[in-house]
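To keep things clear, I will list the structure first and then write my remarks on it.
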C-alpha cells in the first residue's frame, strides 16, 4: 500500500470499525498531544487504554493506564503509537505477540517506518502512518470543518455559538 496518501474511505473505515484503542506513549503531561488524543477518543465513545511503562495503574486523562500492551485485559482493535520512528519495529513485535492481534497499527504524525508497515501488513493488519486519529476523526466528521478549517476559508468572524459545550459529530458511513 502507498502510505504517502490515504483515501478518506480507508481512514473512515478504520475509525468506524475499531472500538478499543491502545495508545502507546500516552503521557499525563497536560501539554502533550497524546493526552489530548486519550481524552478526545474517549469522549467519542472509543474504549481507550493508555500505555506508559512508568505510570501503569495510574490515570491518564481519567483512564486507567497499563505498563505494557500485554497487560491490557481486553482485545485491542487498534494500536496508536506516540513514539519515534525507529521504535516502531520493537513496538510492532509487542503488538504481533498479543494473543488477539489488533487489526490496525497507527503511527502518529511525524512517525513513519516503512519496514514496520510492511511487516504489519504482511501480518494482516491495516497501517496508517504520519496521521493523528483525533485530527482525522475531526476532519471526517466535520467537527473541524464547522470552524472553516476544512473549507480552506478561515475567518475571525464568529459563525456559530455552541450551547452546552463542544459540538460532537459522528463519522459518516463509508
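The values are calculated or read from the model by the stated rules, or taken from the named source; none is laboratory data. All figures in this text were calculated on a predicted structure; none of them were measured in a lab. Please note: Cβ atoms are built from the backbone with ideal geometry, for glycine as well, and neighbour counts cover all protein chains shown.
Some points to look at:
- Residue within the range 111-133 that is in a strand (DSSP E or B), surrounded by 15 or more Cβ atoms within 10 Å (Cβ to Cβ), touching a strand residue (DSSP E or B) at 6+ places or on another chain (Cβ under 6 Å) and without any contact (Cβ under 8 Å) to a residue 60 or more places away in the chain present: no
- Residue check: residue 49 meets all listed conditions (1) assigned to a strand (DSSP E or B); (2) in contact with a helix residue (DSSP H, G or I) (Cβ under 6 Å, 6 or more places away or on another chain); (3) more than 18 Å from residue 120 (Cα to Cα) but one, namely (2).
- Only one entry in 21, 72 is farther than 16 Å from residue 116 by Cβ, in contact with a helix residue (DSSP H, G or I) (Cβ under 7 Å, 6 or more places away or on another chain) and at pLDDT 95 or above, namely 21.
- Residue 106 being modelled with pLDDT under 95 and not in a loop (DSSP other than H, G, I, E, B): no
- When the criteria are applied in full, residue 80 fails the requirement of being surrounded by fewer than 21 Cβ atoms within 10 Å (Cβ to Cβ), under 18 Å from the mean Cα position of the chain (by Cα) and within 23 Å of residue 36 (Cα to Cα).
- Among (1) modelled with pLDDT of 70 or more; (2) in a helix (DSSP H, G or I); (3) out of contact with any helix residue (DSSP H, G or I) (no Cβ under 9 Å at 6 or more places or on another chain), the one test that residue 100 misses: (2)
- Residues located in the range 35-47, provided they are touching a residue at least 60 places away in the same chain (Cβ under 8 Å) and touching a strand residue (DSSP E or B) at 6+ places or on another chain (Cβ under 8 Å): 37, 41
- Meets criteria (in contact (Cβ under 8 Å) with a residue 40 or more places away in the chain, assigned to a loop (DSSP other than H, G, I, E, B) and either surrounded by fewer than 21 Cβ atoms within 10 Å (Cβ to Cβ) or touching a strand residue (DSSP E or B) at 6+ places or on another chain (Cβ under 8 Å) (or both)) for residue 12: no
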